[in-house]
Amino acid sequence: MILYFKQTEEIIEFKTDIAFGRVNGDMTFPDDDLCSSSHGRFFLQNNKAHIQDLGSTNGTFLNKQQLPAQEEVELQEGDHIRFGEQEVIFSNNPNFDPSEFEEVSKEQRGQQLLAKVKKQKENKLHELEAKKAGPVKSLQTLQSELAQIAEKQSMASKLLSEIEQKIQSYQQKAEHIENNITEINRTFEIKKKPLYDKQGGLMDQLRLKDTVGAPEEEKIPLQKELDEVNQRLAEFDLEKKGQPLKAKQFRQKIESYQGKKLEVMAQKDKIEQFLQDKKSQYSPQITKLKEEIAGLDSLIGKAQEDLKR
């Protein structure tokens, strides 16, 4: 059982009788001139707290009502007691909170009640928002998983498109060579003709030098130029012979990319099927979560409006 002294904010737990006064008793208040020497006592009777005024000069007051001298009165939860300059609140609650029993004006009590109601409304709003966080997180998790699968599907589609573009490009190059091999060969011959003419002229000059017995230093530049012409003709011949090989290489690349295309298509089909399965699996959960969130949003909206009132 608790006695709370408001002036000193002291809480005293009593289990036995407690006499009080200015001079005599278990609790004394020597500086309180309004308190009698032996003013009164708190005591237990049938395990219930009581108070008794012992014939004090200025009296003992219970909830603003003066107690008759020598009368034993049972105390109730939250009773306010005043003797001398001392104000005491009685409580049976071991978790006693003095603020709950303070005497306040009607205006203050009204403000406290409004604050309490507002706090309750805020708590309700916070509870709804906290309750919404769960399904929102679950929905985001499911949607994120579906988005990741869809991203893999998109990447597979993009890769497939790139492969098809490469196949088309190599197809066009190979067909160009195969369909125009005669024209390509004729173009090479046209490019070689000036070199053949130059080759013949250089060879004639060298034979003339040999005929007249010209020194070697006069033939060296001619021979060097002839070697360069021969080298260029050999390169043309090699390039001409390489055209069918180049077309073959393009065909090999096409075949390689065709294999890759089949692999990617199989992978893409697998991802698409996996995505559809997941959508079917998650659809009821997503619908339920969206409905739950919508319901909570409605309640939150009402709670927010209620809080503004």
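The values are calculated or read from the model by the stated rules, or taken from the named source; none is laboratory data. Values in this document were obtained by computation on a predicted structure and should not be read as measured data. Cβ atoms come from the backbone with ideal geometry, glycine included; neighbour counts cover every protein chain shown.
Note on the stretch 34-60: among residues that are assigned to a strand (DSSP E or B) and more than 15 Å from Leu3 (Cβ to Cβ), the one that is modelled with the lowest pLDDT is Gln45.
From the list Leu289, Leu275, Leu307, exactly one residue is under 31 Å from the mean Cα position of the chain (by Cα), closer than 30 Å to Lys116 by Cβ and among the hydrophobic types (A, V, I, L, M, F, W, C). Which is it? Write out each step before concluding.
Values: Leu289 fails: closer than 30 Å to Lys116 by Cβ; Leu275 fails: closer than 30 Å to Lys116 by Cβ.
Checking each option against the conditions leaves just Leu307.
Residues in the stretch 1-17 that are surrounded by fewer than 17 Cβ atoms within 10 Å (Cβ to Cβ) and either modelled with pLDDT of 95 or more or under 14 Å from Val88 (Cβ atoms) (or both): Lys6, Gln7, Thr8, Glu9, Glu10, Ile11, Ile12, Glu13, Phe14. It is to be established whether one or more residues within the stretch 55-74 are under 60 Å from the mean Cα position of the chain (by Cα) and more than 22 Å from Lys15 (Cβ to Cβ). Checked against the condition, which is being under 60 Å from the mean Cα position of the chain (by Cα) and more than 22 Å from Lys15 (Cβ to Cβ), the stretch 55-74 yields at least one hit. I'm trying to understand the selection: among the residues of the stretch 1-23, which are acidic (Asp, Glu) and part of a loop (DSSP other than H, G, I, E, B)? Result: Glu9, Asp17. On the basis of being within 54 Å of the chain's Cα centre (by Cα), buried (at least 18 other Cβ atoms within 10 Å of the Cβ) and part of a strand (DSSP E or B), does Ile89 make the cut? The answer is yes for Ile89.
When Gln111 is tested against the conditions (1) within 23 Å of Ile300 (Cα to Cα); (2) modelled with pLDDT under 85, the lone failure is (1). Taken over the stretch 1-20, the criterion of being of a type in the set (Asp, Glu) and closer than 21 Å to Ser37 by Cβ is satisfied by Asp17 alone. If you go through the stretch 271-294 and keep only what is surrounded by 13 or more Cβ atoms within 10 Å (Cβ to Cβ) and without any contact (Cβ under 8 Å) to a residue 24 or more places away in the chain, you end up with just Lys288. May I ask you to list the residues in the stretch 144-175 that are surrounded by 14 or more Cβ atoms within 10 Å (Cβ to Cβ) and within 30 Å of Leu296 (Cα to Cα)? The answer is Leu146, Ile149, Ala150.
Step by step: first the residues of the stretch 184-198, then only those that are under 15 Å from Asp237 (Cα atoms) and free of Cβ contacts under 8 Å to residues at least 40 places away in the same chain, then the one that is nearest to the chain's Cα centre (by Cα). Which residue is that? Explain how you work it out, then say what you get.
Of the residues in the stretch 184-198, the ones under 15 Å from Asp237 (Cα atoms) are 184-196.
Subsequent filtering for residues that are free of Cβ contacts under 8 Å to residues at least 40 places away in the same chain retains 186-187, 189-190, 193-194, 196.
Details: Arg186: 68, Thr187: 66, Glu189: 70, Ile190: 70, Lys193: 74, Pro194: 74, Tyr196: 76 Å.
So the residue we want is Thr187.
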